[in-house]
Each structure stands twice: as C-alpha cells, then as structure tokens.
1. For the chain, give the magnitude of the charge dipole about the Cα centre (Cβ charges: +1 Lys/Arg, -1 Asp/Glu; no others), in debye to the nearest 20.
2. Packing-wise, with mean Cβ within 10 Å as the measure, how do 214-223, 323-332, 144-153 rank, highest first?
3. Over all directions, how big on average is the projection of the convex hull of the alpha-carbon atoms in region 276-427, in square nanometres?
4. Residue by residue through region 382-391, which ³J(HN,Hα) values in whole Hz follow from phi under the Karplus form 6.51 cos²θ - 1.76 cosθ + 1.60 (θ = phi - 60°), with glycine and proline marked x?
5. Ordered by packing density, taken as the mean number of other Cβ atoms within 10 Å over each peptide's residues, highest first, how do 253-261, 158-166 rank?
6. Taking H placed 1.01 Å from N in the peptide plane, check which residues at least 5 places from residue 309 or on another chain put their amide H under 5 Å from its amide H.
7. With θ set to phi - 60° and the Karplus curve 6.51 cos²θ - 1.76 cosθ + 1.60, what are the ³J(HN,Hα) couplings of region 205-215 in order, to the nearest whole Hz, using x for Gly and Pro?
8. With θ taken as phi - 60° and the coefficients 6.51, -1.76 and 1.60, list the Karplus ³J(HN,Hα) couplings across region 166-177 in order, rounded to whole Hz; mark glycine and proline as x.
Amino acid sequence: MRRRIFGTAATAAVLGLLIPLSGCGRWGGGADDSGSLRLVAAEYGDTRATSSQAYWDKVTADFTAATPGVEVEVQLLPWSDIDREVSRMVKAGKAPDLALMGSYSDFAAEGKLYSAEELLSVGAEANFLPPLAEAGTVNSRLYGLPFVASSRLLFYNKALFTKAGIAEPPKTWSQLKAAAKALKDKGVPYPYAMPLGPEEAHAEALIWEVSNGGGYADSSGNYSLDSEQNVETWQWVKDNLVAPGLLGPTPPARLDRADAFAAFLRGEVGMLNGYPSLAHQAAAKGIGVGTVAMPVSDSLGSGESPPTVGVADWMVAFKQNGKGAEIGRFLEFVYQDKNLSDFAGRYHLLPSTASAARTPAGGGLSRTDEDFLAALRTARLYPVNDPTWVTVSDTVKRNIGRAVEPGGDPKTVLEDIAAKAVAAGRN
C-alpha cells in the first residue's frame with residue numbers, strides 16, 4: 001500500500017528523516033563490514049513525533065544487547081522513494097542486507113533474495129498468516145516476509161446515516177446507491193468517496209471488482225484485468241454512481257485516498273473504504289463510525305461473501321553481502337510477538353503472524369482491529385508475487401479512473417490496461 005497502509009511519508013524529507021539513523025552504529029559502511037547489518041526501511045510516520053526511528057532504535061539496541069557482536073544500521077526512506085532507491089542500490093552492487101518495502105517479486109525472480117527457509121526456523125516460517133504467506137511466495141518458496149498488514153472494510157458515518165434516515169448499512173450495490181442518494185439529498189458533500197486518483201487507485205479498484213466476482217487475476221494466477229465481471233463493475237459505477245452525481249464534487253480520477261480520508265475526518269463523507277488507522281483517527285475526533293464488509297453486486301446477491309481486500313508490506317533479505325546467518329538471527333528477533341506487535345500498534349496496523357495476532361502488545365486488539373483481522377484471514381491481496389506487478393499496478397493507478405469519466409468506455413480502458421500488462425510481461 002503502491003501499497004499505502006498508514007498515511008504517507010511524503011513529509012519525511014522536510015522533517016529530516018532521510019538521514020541515516022541507527023540504534024547501534026553509523027550508516028555508510030561497505031558491504032564487507034563484519035558484525036554489521038544494513039536495513040533500509042520505509043518511514044511509516046508522517047511527523048517527527050510519529051517517526052519509525054524510535055521503534056528501530058529500540059529494537060536494534062535490544063538485539064545487539066542480546067546478540068553481542070552484531071549491530072544493525074537502519075536508514076529510513078519515504079514510501080514514495082523506497083522501492084526505487086532500493087532497486088538503485090541493488091543495481092549499483094550496494095544492496096542492503098534487509099529492506100522493508102512495498103514489493104519484492106522482481107528481486108526474487110532475479111535470484112537476489114534469501115528465502116524464508118534459509119533464514120528462519122520452521123516454526124517462525126509457519127507462523128505467518130496464510131493469505132500473507134501465499135502472497136509472499138514465488139515458486140513455492142517464501143521470499144517476501146510479510147511484516148504488517150491491513151484489510152479494507154466499508155466505513156459509514158453513523159450521524160450522517162441517521163440524518164439521512166438510513167436504518168442499516170448497505171449489503172448490495174443497489175442498497176449502496178440508495179444510501180448515497182439519501183445522503184446527497186441531505187446535503188452530504190461526498191455521499192460515497194471513490195478515490196481513483198493515482199495515489200492508490202489500485203486498492204479501490206480491486207475492492208469493487210472483487211465484490212462483483214472479478215479481480216486482477218484468475219484462479220490460476222493469470223491477469224484477468226479486462227474480464228467480463230470487471231467491465232460490468234465499472235459500467236455499473238459509471239451509470240449508477242457517477243452519472244447521478246453521488247460521488248461528490250471531485251471526479252474519482254482526481255480524488256486521492258489521503259484527500260478522501262481527510263474529508264471523512266471532516267464529516268463530509270457518508271461512505272468510503274478504509275483501514276484500521278482511519279477508524280482510530282475518526283474515534284479520536286469523536287466521529288461515530290460503522291464498519292461492514294463491502295457491499296456485493298446485485299448479480300451476486302447479499303448472501304454471497306467475496307473476500308475482502310488485504311494489503312501487506314514486505315521484509316526482504318538480499319544475498320549480495322552473504323550475511324544469511326546474521327540476517328536470520330535478526331529476523332527471528334524482530335518477528336518476536338512483542339516486537340512485531342509494538343510496531344503494528346504504533347500505526348494501528350495488523351501484525352503478520354498468527355501468534356502476534358493472538359497476543360498483541362497492550363493487552364489485546366481493539367474490537368475494531370479484531371474486525372479487520374478477521375477480514376484479513378481470508379483476504380485477497382494484490383498479485384505481488386508476479387514480477388510485473390509493480391508496472392501493472394502503476395498502470396492501473398494511472399488509468400482506471402478514466403473508465404468512469406463521462407466520455408470514458410470501461411471496456412476500452414480495461415482492455416488498454418490489460419494490453420499494457422501483457423507488454424510488461426514481455427519486457
């Protein structure tokens with residue numbers, strides 16, 4: 001979440017978070033430094049106070065205290081930069097030992113990563129939640145170690161629903177349309193907020209497509225971007241939500257997730273798809289929020305239960321510096337329940353392991369987080385284990401909004417996206 005689970009770190013450069021940080025050393029050593037591991041990690045905070053630096057400082061210091069002779073140096077990068085910068089480091093022959101980032105399969109396809117079985121005990125490898133482990137697996141080997149995750153549910157503003165006379169949250173698309181119309185009639189600026197802007201359109205798109213029995217890939221793992229179900233999905237959205245003006249003043253193709261969330265926290269949105277951190281932010285502002293599964297298309301019917309959409313971030317270990325033994329010891333430490341739960345709790349995310357999900361730090365998950373965790377256990381994730389996904393997801397993000405523009409044709413737009421996915425596989 002590209003994956004975005006928690007906010008953005010676009011302000012990180014302004015806050016000075018691009019400088020190296022370390023719990024136990026100085027960044028910049030060469031690949032041969034003995035007793036030192038290099039980790040490049042995404043910055044999850046959006047202010048200095050919420051920076052991930054405090055977490056990594058503590059974990060690396062605790063690890064070195066427990067494992068004398070092995071230090072870990074950490075560099076934080078914004079989400080907008082990390083995948084590109086790690087790729088640059090690898091190509092320059094200066095790969096970090098570890099990276100916490102949004103993708104992994106291109107490195108796995110090139111044989112540059114250690115697999116989990118080369119690094120972790122059998123128990124630690126088996127501890128990952130099944131949907132996350134499946135998404136991190138290429139050719140039956142786990143290369144993308146899921147770190148934290150989230151799932152998506154439909155959020156609705158309880159006060160606005162009451163004002164509009166809506167007794168129950170929608171279970172089908174037709175009920176969602178009716179609720180959106182009632183909200184619009186009461187002057188709600190965004191009856192349903194649909195962020196199909198380039199920031200994270202691929203998440204919103206997958207949520208809608210899955211709720212009609214479609215998605216990005218078929219049961220064999222092959223791309224099905226222009227499937228009949230997907231075309232039907234966007235034609236329905238265009239005819240039933242865009243044309244009647246039920247999505248608010250900003251066209252979907254120009255509405256980014258961050259802007260939609262901000263509007264929700266201002267009380268201007270009746271419904272939108274969200275994840276755990278938004279629920280906590282809304283509670284802090286005194287906004288009463290309900291969460292339910294995404295409504296399904298009327299052709300499926302309210303009795304159907306398509307999977308929710310899940311998103312994960314990946315810890316990857318590079319072979320280039322030959323430090324598999326040290327990497328394995330550090331990963332076993334980081335994935336201890338207390339350490340993984342500490343990170344997840346800081347950002348209202350979900351831990352990636354079964355044991356941490358059962359016994360999180362702070363005495364347990366909130367009721368809201370429990371709902372998201374239940375959804376995550378059977379979630380559909382992006383096809384991140386396809387090496388072309390980075391290119392394909394960017395194509396989806398930049399083009400799917402055109403499918404619902406007044407002059408747009410969903411079938412043509414989806415066929416164009418599918419053709420570009422085929423071309424990406426040839427390169």
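The values are calculated or read from the model by the stated rules, or taken from the named source; none is laboratory data. Since the model is a prediction, treat every value here as computed from it, not as a measurement. Here the Cβ positions follow ideal geometry from the backbone for every residue, glycine too, while neighbour counts run over all protein chains shown. SASA here: full protein model, heavy atoms, side chains in, ligands and nucleic acids out. Shrake-Rupley method; radii C 1.70, N 1.55, O 1.52, S 1.80 Å.
1. Values: 41 positive and 48 negative charges, 177 e Å.
Computed about the Cα centre, the dipole is about 860 debye.
2. Answer by packing, highest mean first, reads 144-153, 323-332, 214-223.
3. Details: hull surface 55.0 nm².
Taking the Cα atoms of region 276-427, their convex hull projects to 13.7 nm² on average.
4. Karplus-based 3J(HN,Hα) across region 382-391 equals 4, x, 5, 7, 8, x, 8, 4, 4, 6 Hz.
5. For the peptides 253-261, 158-166, the packing ranking is 253-261, 158-166.
6. Those lying under 5 Å, H to H, from residue 309 are 152, 380.
7. 5, 5, 4, 5, 5, 5, 6, 10, x, x, x
8. With the stated coefficients, region 166-177 comes to 8, 7, 9, x, x, 10, 10, 4, 5, 5, 5, 4 Hz.
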